[in-house]
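The values are calculated or read from the model by the stated rules, or taken from the named source; none is laboratory data. Only a predicted model underlies this, so the values are computations on that prediction, with no experimental measurement involved. Counting neighbours? That spans all protein chains shown, and the Cβs are built from the backbone with ideal geometry, glycine included.
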2 protein chains.
Amino acid sequence: MSYCIATYRIHDDHADFHKKAQSIAVGMTVGSWTELPQAKRDAMKKHLGEVYAVEVHESPDGSAGTRYADIRIAYPDINFSRDIPALLVTVFGKISMDGRIKLTHLDLSSDFLSSFPGPKFGIDGIRELLGVNDRPLLMSIFKSVIGLSAAELREQFMRQAQGGVDLVKDDEILFENDLTPITTRVRLCIESANIVEQETGRKLLYAANLTGRTFQLRDQALRAIDAGANALLFNVLSYGYDVLQELSADPEITVPIMAHPALAGAMYPSPHYGIAAPVLLGQLMRLAGADLVLFPSPYGSVTMPREENLSIRDELHTTALGVKRSMPVPSAGIHPGLVPKIIRDFGRDVVVNAGGGIHGHPLGTEAGGQAFVQAIDAAMHGVPLSEYAEAHPELKAALELWGGE
Amino acid sequence: MSYCIATYRIHDDHADFHKKAQSIAVGMTVGSWTELPQAKRDAMKKHLGEVYAVEVHESPDGSAGTRYADIRIAYPDINFSRDIPALLVTVFGKISMDGRIKLTHLDLSSDFLSSFPGPKFGIDGIRELLGVNDRPLLMSIFKSVIGLSAAELREQFMRQAQGGVDLVKDDEILFENDLTPITTRVRLCIESANIVEQETGRKLLYAANLTGRTFQLRDQALRAIDAGANALLFNVLSYGYDVLQELSADPEITVPIMAHPALAGAMYPSPHYGIAAPVLLGQLMRLAGADLVLFPSPYGSVTMPREENLSIRDELHTTALGVKRSMPVPSAGIHPGLVPKIIRDFGRDVVVNAGGGIHGHPLGTEAGGQAFVQAIDAAMHGVPLSEYAEAHPELKAALELWGGE
């Protein structure tokens with residue numbers, strides 16, 4: 001028999017956690033068990049959830065709110081269809097509303113996983129598109145784009161591209177609008193990217209924000225690709241994982257998809273409720289086919305604890321999942337001084353992603369990009385940033401403003 | 001100018017909440033403001049978010065974790081498209097990940113609302129389908145259906161139907177499976193419903209669980225309707241509100257849609273994070289077109305505070321939204337003794353929904369339904385249940401087991 005195993009952390013000062021585990025295993029699968037006649041039990045056995053483990057953490061000092069258990073329940077694959085909505089409703093549908101319970105981990109069976117094609121490009125595919133194999137990638141984010149004219153948008157793209165970034169992403173709050181609809185944005189940005197490529201030989205991906213009504217997203221994506229789009233940004237959690245999977249698995253959507261974590265904070269930060277970040281922004285994003293995944297970095301103002309970040313990285317990088325690896329994009333609060341730390345935490349298969357850390361550079365956006373290029377160069381050659389900065393005024397100015405190693 | 005106003009509750013022991021409000025208003029719209037030259041400000045003014053109100057609640061005793069503010073930010077409609085994903089990303093995308101912040105309320109502009117057709121049937125339409133205008137409706141839930149054969153499912157449906165319920169709903173964890181695929185379930189249940197209608201004159205809606213891959217849901221719904229389905233159940237939060245809207249607004253999907261709250265517990269229960277239940281399970285479900293909305297009742301084991309329940313009711317019932325009203329379905333832990341309380345809390349425009357309270361009746365499922373019919377009858381005539389039970393053995397047995405007024 002084949003199972004998917006869900007791990008929950010349940011906070012309760014008094015509960016009999018073993019009994020609770022039994023009630024989840026039965027209640028979320030066959031509904032009732034002890035009342036069933038033997039013949040019926042034999043027939044239903046293959047549908048019954050099983051308590052896989054119960055690890056009780058007694059309150060160290062008996063203070064309220066500190067006693068919890070990690071409970072693992074195995075759900076027979078035969079009970080649900082091979083899609084993320086069915087998986088989530090099975091393991092966390094009703095039970096999400098039953099007290100202080102958080103879904104912290106999912107071990108998915110190879111049978112279940114076999115239905116998921118995963119990312120179309122993944123880390124290696126993106127590197128191939130860009131022709132960059134030996135270092136972290138560098139991305140910059142459009143800034144203050146609402147209300148920008150097409151010409152202003154183009155100019156901002158150009159300044160970012162000339163700074164030496166590998167990717168530029170739309171702001172996730174830029175929706176279809178009269179000034180810069182997606183096909184206009186794509187044409188202008190890709191045109192500018194081509195100019196930079198001709199000048200420098202560097203390739204550039206521009207992730208255009210795919211928005212609108214669900215059943216029109218595919219057509220919208222095809223229109224953007226037809227206009228030249230070479231990447232797409234998608235607010236996955238506002239649509240659902242399965243919509244991402246529909247798009248990523250579509251043979252006509254021939255560009256990488258970048259998953260934005262908008263709304264994720266409604267689900268992962270509470271210790272008592274929700275879905276842990278490594279599941280929400282790691283495993284499920286990758287399974288649904290995200291080639292790149294943004295999530296709050298542990299470095300800046302919008303923070304997430306470092307160990308959670310590294311667990312997201314592990315979910316995106318692990319070879320255990322049987323699909324291509326996704327590129328982690330720890331975001332927010334990133335400046336050039338953090339580059340060595342990012343590489344220590346994530347290795348070279350990471351996107352260094354900056355908004356304010358590029359646009360806010362004292363010498364301007366282009367210099368902001370250059371400072372990051374220099375920081376990555378230094379870090380990859382094991383040269384301390386402060387030393388490298390001696391001969392690189394852009395990096396020097398960045399370190400003076402934001403600090404760093 | 002037209003705005004949608006979002007209210008947040010932010011917990012912070014030390015923050016300058018007025019400054020925080022300003023930073024949300026600017027950061028979630030135009031990105032920067034004070035640095036802009038005057039000419040640019042004039043052009044951008046119409047895109048700028050505005051602080052509408054800041055209500056600081058100082059900690060009464062200075063103890064950590066008790067200081068908070070309710071902050072209201074007005075977002076110009078011009079910034080986002082007329083769909084729920086754009087709305088949610090605009091008002092709670094990035095900011096959801098920035099500290100202890102919960103989205104507690106949305107005031108949507110009439111301009112924004114005008115793009116939403118809302119429920120196709122609503123309370124009045126469902127009453128018309130059933131021919132029941134003067135009392136709460138009664139629904140029962142299939143129990144332990146995973147692994148049931150078609151014959152067993154049919155038999156269970158029949159017992160529920162004969163008890164006098166108005167609606168029967170699928171278990172939300174029943175996905176496409178070899179034993180009882182949706183078209184088989186629909187045919188058997190509707191056939192049984194027709195038999196009961198011929199015998200008793202009572203109509204019955206059967207909400208079949210619509211599952212599978214997103215881009216196939218419409219076809220799946222049409223197949224079910226073609227097989228005779230007269231209602232659909234949908235796990236909205238595992239797919240996204242916009243998918244519900246796509247289905248509910250489709251002219252060929254000619255049956256009421258019932259929204260299940262599976263996964264909602266990942267978002268509403270924390271006082272510090274997430275989206276409040278009246279927004280999550282009230283306003284947005286109705287806006288997306290749910291004709292009936294299930295949510296945890298304040299009476300049973302899966303509970304929600306009573307005032308939150310009544311706020312959901314208000315969001316589903318209010319005439320302010322300009323679309324048809326949705327039927328509230330407070331669920332879990334419902335037994336016949338609770339009927340007078342449910343009617344006091346919700347009025348008669350409510351679905352009394354029971355699983356264990358029907359199937360667990362000492363005299364069987366059919367008697368379980370009858371006990372509820374009797375309780376509703378008594379309550380609508382202002383007769384105390386205990387008095388009515390004298391001449392009604394099914395109600396009497398239910399009150400003896402579960403208690404009640």
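Here are some notes:
- Hey, A:Lys341 away from chain B (no Cβ under 14 Å), assigned to a loop (DSSP other than H, G, I, E, B) and at negative phi or not: no
- Exactly one residue out of A:Ala290, A:Ala320 is under 26 Å from B:Gly27 (Cβ atoms), small (Gly, Ala, Ser) and more than 10 Å from chain B (Cβ to nearest Cβ), and it is A:Ala290.
- Condition check for B:Ile126 on (1) under 18 Å from B:Ala288 (Cα atoms); (2) in the same structural domain as B:Arg9 (by TED's automatic domain parsing): one failure, at (2).
- Qualifying residue in the stretch A:167-182 (condition: crowded, with 19+ Cβ neighbours inside 10 Å, hydroxyl-bearing (Ser, Thr, Tyr), within 23 Å of A:Phe346 (Cβ to Cβ) and out of contact with any Ser or Thr (no Cβ under 7 Å at 6 or more places or on another chain)): no
- Here the helices (runs of 4 or more DSSP H) wholly within the stretch B:345-405 that include at least 3 residues being among the hydrophobic types (A, V, I, L, M, F, W, C) and buried (at least 18 other Cβ atoms within 10 Å of the Cβ) are B:365-380, B:393-402.
- Given (1) crowded, with 24+ Cβ neighbours inside 10 Å; (2) of a type in the set (A, V, I, L, M); (3) assigned to a helix (DSSP H, G or I); (4) modelled with pLDDT of 95 or more, number of the condition A:Val329 does not satisfy: (3)
- Residue tally, condition at the interface with another protein chain (Cβ under 7 Å from one of its Cβ atoms) and under 15 Å from the mean Cα position of the chain (by Cα), over the stretch B:270-286: 1
- Among the numbered conditions (1) at pLDDT below 95; (2) surrounded by 13 or more Cβ atoms within 10 Å (Cβ to Cβ), the only one that B:Tyr52 does not meet is (1).
- Being surrounded by fewer than 17 Cβ atoms within 10 Å (Cβ to Cβ), of a type outside the set (Ser, Thr, Tyr), in a helix (DSSP H, G or I) and under 24 Å from the mean Cα position of the chain (by Cα) holds for only one residue in A:Asp134, A:Asp124, and it is A:Asp124.
- Filter result for B:Gly300 (within 11 Å of chain A (Cβ to nearest Cβ) and either without any contact (Cβ under 8 Å) to a residue 24 or more places away in the chain or on the phi > 0 side of the Ramachandran plot (or both)): no
- Restricting attention to the stretch B:148-206, the residues that are among the polar types (S, T, N, Q), away from chain A (no Cβ under 14 Å) and within 28 Å of A:Ala39 (Cβ to Cβ) add up to 4.
- Subset tally (residues that are within 11 Å of another protein chain (Cβ to nearest Cβ), touching a helix residue (DSSP H, G or I) at 6+ places or on another chain (Cβ under 6 Å) and in a loop (DSSP other than H, G, I, E, B)) for the stretch B:232-259: 2
- Among the candidates A:Tyr239, A:Tyr273, residue that is touching a Pro at 6+ places or on another chain (Cβ under 8 Å) and under 23 Å from B:Leu247 (Cβ atoms): A:Tyr239
- In the stretch B:112-121, residue surrounded by the fewest Cβ atoms within 10 Å (Cβ to Cβ) [restricted to those that are more than 14 Å from chain A (Cβ to nearest Cβ) and assigned to a loop (DSSP other than H, G, I, E, B)]: B:Ser114
- Neighbours by Cβ (under 6 Å, 6+ apart or cross-chain): first from the stretch A:305-327, of a type in the set (Lys, Arg); second surrounded by 19 or more Cβ atoms within 10 Å (Cβ to Cβ) and assigned to a helix (DSSP H, G or I): A:Arg313/A:Phe346; A:Lys324/A:Gly122; A:Arg325/A:Gly122; A:Arg325/A:Ile123; A:Arg325/A:His317
- The single condition among (1) among the β-branched types (Val, Ile, Thr); (2) touching a residue at least 40 places away in the same chain (Cβ under 8 Å); (3) over 26 Å from B:Leu103 (Cβ atoms) that A:Val236 does not meet is (3).
- B:Ile78 surrounded by 17 or more Cβ atoms within 10 Å (Cβ to Cβ) and either modelled with pLDDT under 95 or in the same structural domain as B:Asp98 (by TED's automatic domain parsing) (or both): no
- Filtering B:Ala249, B:Ala259 for residues that are closer than 23 Å to A:Phe215 by Cα and either buried (at least 24 other Cβ atoms within 10 Å of the Cβ) or within 12 Å of the chain's Cα centre (by Cα) (or both) leaves a single hit, B:Ala259.
- The lone criterion from (1) over 28 Å from the mean Cα position of the chain (by Cα); (2) under 13 Å from A:Ala6 (Cα atoms); (3) of a type in the set (Asp, Glu) left unmet by A:Asp70 is number (1).
- Residue in the stretch A:83-92 that is closer than 19 Å to A:Gln283 by Cβ, surrounded by fewer than 23 Cβ atoms within 10 Å (Cβ to Cβ) and not hydrophobic (A, V, I, L, M, F, W, C) present: no
- Residue count for the stretch B:265-291, restricted to those that are without any contact (Cβ under 8 Å) to a residue 60 or more places away in the chain and not in a helix (DSSP H, G or I): 3.
- Residues of the stretch B:292-309 that turn out to be at pLDDT 90 or above, within 21 Å of B:Leu233 (Cα to Cα) and assigned to a loop (DSSP other than H, G, I, E, B), as a count: 1
- Within the stretch B:147-170, not a single residue is part of a helix (DSSP H, G or I) and closer than 29 Å to A:Phe116 by Cα.
- Exactly one residue among B:Gly212, B:Gly228, B:Gly201 is out of contact with any Gly (no Cβ under 8 Å at 6 or more places or on another chain), more than 24 Å from B:Pro261 (Cα to Cα) and touching a residue at least 24 places away in the same chain (Cβ under 8 Å), and that residue is B:Gly228.
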